[in-house]
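The structure appears below as structure tokens.
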Amino acid sequence: MDAKQRLRELREQLTVHSHHYYVLDNPQISDGEYDLLFQELLEIEEEHPDWVTVDSPSQRVGGEALDKFEQVEHRIPMLSLENAFSDQDLLDFEDRLLRYLLQDTAPSYMAEPKLDGLAVELVYEDGILVQGSTRGNGKVGENITAQLRTVSSIPLRLLNMAIPRLEVRGEVFMSLDGLEKLNAQRAESGEDLFANPRNAAAGSLRQLDPAITATRPLKFFVYAVADPVATGCKTQQEMFVFLADLGFPVNSHIKFCPDIKSATQRFSELAELRHDLSYEIDGMVVKVDDFALQSRLGAKARAPRWAIACKFPAVQATTTIQKVEFQVGRTGAVTPVAILAPVDVGGVMVSRATLHNGDEIARKDLRIGDTVLVQRAGDVIPEIVKAIVEKRNGSEVIIKLPDSCPVCSHPLQKIETEVVTRCVNPHCSAQRLRALVHFCSKAGLDIEGLGKKSVEQLFERKLIADLPDIFQLKKEDVEHLEGWGTKSAENMVLGITQAKTPSLGRFLAALGIRFVGEVTAALLERTFLSLENFLQVSKADLLEIEGLGEQAANAIIDYLEDPAIQQMFVRFQEAGCIPLVTEQSQEKQLLSDEVLLFTGSLKKLSRSEAKKLVKENGGQVASGITKKLTILVVGEKPGSKLKKAQEKGKKILTEDEFLQLLQG
Ligand code: IVH
């Protein structure tokens with residue numbers, strides 16, 4: 001046999017054996033025999049370096065270190081999940097879903113342990129792992145292909161080809177004993193310890209040098225494919241069999257639940273079982289089993305309607321409030337933060353907790369010096385549950401909110417209808433700093449090298465004072481500062497250059513206008529299609545937009561009318577920062593020019609499903625018979641709206657005609 005043929009054979013054998021070893025936990029040959037085969041493969045590859053392929057088992061050792069992580073856009077966004085904290089929440093989840101589907105027959109579910117690690121996406125082309133990435137903000141993550149190749153239970157090549165392109169999602173995590181060993185080593189070499197398996201997994205994957213990742217005991221379980229229809233599977237249950245056949249590790253505690261009741265029972269079982277597992281889980285994910293139903297249910301902004309995460313009850317601990325600090329946020333809101341005697345809450349050291357606002361402090365009657373119960377539920381930020389009043393000795397001090405801004409000393413304002421106290425000085429440096437941090441962060445323009453710490457540093461050094469200043473930063477400004485170097489300064493400049501042409505939606509979200517988050521900003525992009533249009537908008541225009549409330553409209557108008565803000569837009573332009581409209585929002589969709597309204601009872605669609613269809617096809621949904629309305633869709637017993645629309649000469653469609661229209 002020639003060497004090339006032998007190499008191919010070894011690759012195949014080693015793939016099968018490592019699947020038996022790492023995935024099925026059932027080795028077919030001894031470690032010694034495996035090592036011999038592996039050694040032989042290494043020898044052939046050493047003699048013929050050009051025969052090494054990306055799916056060779058030799059590639060698990062790591063390879064070259066990267067300068068930085070490239071960005072990867074997920075073809076289909078990686079969503080997150082809504083949380084349920086009780087059986088009732090789970091029953092409500094089913095109620096919502098049935099109402100949405102307009103049906104009485106309940107679906108069946110899959111109940112899966114919720115693994116506490118890091119979500120990743122793996123892309124296979126012709127059965128070979130070609131790309132792996134983190135979830136990131138759901139739309140764009142980081143390319144960590146080289147790091148993921150080092151995870152033994154992630155197949156580098158699939159056991160059969162199945163489909164030409166497969167995008168799977170799952171969780172990379174560290175087992176509890178893996179973490180213990182790793183921390184023992186780190187203690188020995190004087191390194192910081194990882195607080196919990198999730199931080200350890202994340203920290204290990206985000207190593208620029210994959211050879212370091214290779215030394216970390218990481219594992220993987222698959223839980224989804226991006227586009228299930230493409231697999232030919234009809235249900236989540238079928239999909240797990242399909243994925244296991246391809247060589248993916250599937251968690252053995254996943255269970256089919258014929259109804260929601262059995263899902264609640266399964267939750268109690270898992271709450272017991274979790275203590276016997278060798279890895280950490282923080283709850284159970286319940287998913288509608290049927291893919292056709294999943295696709296009808298679709299998703300809201302961040303989470304699908306067909307799945308929910310049931311969280312295990314929070315872990316609690318007691319500590320004391322040492323003092324209270326007041327933080328000034330981006331919008332001037334002054335937030336009290338309790339500084340606590342550091343305490344371990346379920347594996348995480350907690351030393352601060354937000355007290356939200358004055359009302360919250362009064363409601364819980366918290367005082368400085370109090371012994372308090374703190375809790376942490378899964379990935380939720382630690383919070384103070386209550387003061388333990390029996391422990392008081394009289395030395396506790398009432399928490400008093402300041403009258404003036406702790407940063408700029410401007411008098412604070414409290415608006416009757418709001419619970420927060422605000423610093424309304426637009427020049428307050430705390431607000432400007434927060435605005436800068438937000439502008440550069442992942443939720444904003446996501447500028448390479450300008451994370452929170454760096455922005456704070458540059459602000460302190462007076463290198464940046466307001467948003468347009470970012471675009472004037474030069475390599476020479478930062479390269480000699482502490483923590484910087486030529487390379488990182490160059491990367492920052494490159495990042496800033498790339499950030500000069502953000503999508504309009506991203507740009508608007510980055511500005512930090514009150515009530516304008518990612519979703520509203522995307523809506524504004526689709527509506528106005530250019531920054532010029534947006535800058536000339538009137539309140540009436542804004543109120544016509546379905547999905548944008550009065551509060552947001554007011555905030556946008558206040559913002560745009562501020563002369564300092566107008567000046568800022570001029571400076572953005574001078575600096576060459578020109579937001580663009582993404583092709584997606586420009587693309588003419590079926591209902592791009594239409595504003596629809598539904599009236600009467602629909603028979604085939606629920607209201608929310610109908611509205612979703614309109615939005616998915618680029619249309620808007622009106623709230624009444626307005627000037628902008630173009631189509632009224634009538635169900636049975638339409639009422640007065642029909643007459644009104646007819647009088648106004650609007651187009652009228654029946655439910656069936658509407659569905660036909662969507663067929664194109
Ligand atoms: S499904 C659209 N299944 O939980 C469905 N997620 O809060 C998205 N997770 O980012 C995820 N175990 O990191 C799913 N069996 C499981 C999971 C799981 C853990 C994590 C995942 C995701 C987060 C959502």
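Laboratory data are not the source of any read-out in this text; all were calculated from the coordinates shown. In this text the structure is predicted, and so the values were computed from the model without any measurement. Cβ sites come from the backbone with ideal geometry, for glycine too, and all protein chains shown count toward neighbours.
Here are a few things to note about the model shown:
- Per-residue packing, averaged as other Cβ atoms within 10 Å, sorts the ranges 412-419, 507-514, 538-545, 495-502 into the order 507-514, 495-502, 538-545, 412-419, beginning with the highest.
- Remark on the range 516-626: Rg and Dmax equal 16.2, 55 Å (Cα only).
- Across the range 46-192, counting alpha-carbon atoms alone, Rg and Dmax equal 20.1, 67 Å.
- Shape analysis of the chain yields a ratio of the Cα radius of gyration to the Kirkwood radius, Rg/Rh, of 0.98.
- With the simple spin-label model, which puts each label point 7 Å out from Cα in the Cβ direction, the residue 292 to residue 185 separation comes to 5.1 nm.
- The length gained on full extension between residue 362 and residue 125, counted as 0.36 nm times the residue separation minus their Cα-Cα distance, comes to 79.5 nm.
- In a fully extended conformation the segment linking residue 259 and residue 215 would gain 11.5 nm over its present Cα-Cα distance, using 0.36 nm per residue.
- The simple Förster model, with R0 at 30 Å and r as the Cβ-Cβ distance, assigns residue 139 and residue 401 a FRET efficiency of 0.20.
- Packing-based order for 549-562, 465-478, using average beta carbon neighbours within 10 Å, highest first: 465-478, 549-562
- All-pairs Cα distance distribution in the range 298-455, expressed in whole percent, bin size 10 Å: 10, 28, 32, 25, 5, 0
- Of the peptides 347-358, 172-183, 139-150, the order by per-residue mean of other Cβ atoms within 10 Å, starting with the highest, comes out as 139-150, 172-183, 347-358.
- Rounded if a/c under 1.5, otherwise prolate or oblate - the range 1-69, Cα gyration tensor axes: oblate
- Cross-link table 588/644; 603/641; 611/651; 219/452; 234/588; 234/612, entries beyond 26 Å C-alpha to C-alpha: 588/644; 219/452; 234/588
- Distance between the pseudo-spin-label points of residue 626 and residue 98 (7 Å out from Cα toward the beta carbon): 3.5 nm.
- For the range 408-498, diffusion coefficient by Stokes-Einstein and Kirkwood Rh (Cα), 4 °C, 1.567 mPa s, µm²/s: 91 µm²/s
- Positive-pole candidate from 492, 505, 229, dipole of the chain, charges at beta carbon: 505
- With both residues required to sit in the chain, DSSP beta bridges show an antiparallel share near 85%.
- The slack between residue 277 and residue 36, meaning 0.36 nm per residue of separation minus the straight C-alpha distance, is 83.5 nm.
- Label-point gap, in nm, between residue 415 and residue 392 - each point 7 angstrom along Cα→Cβ: 3.4 nm
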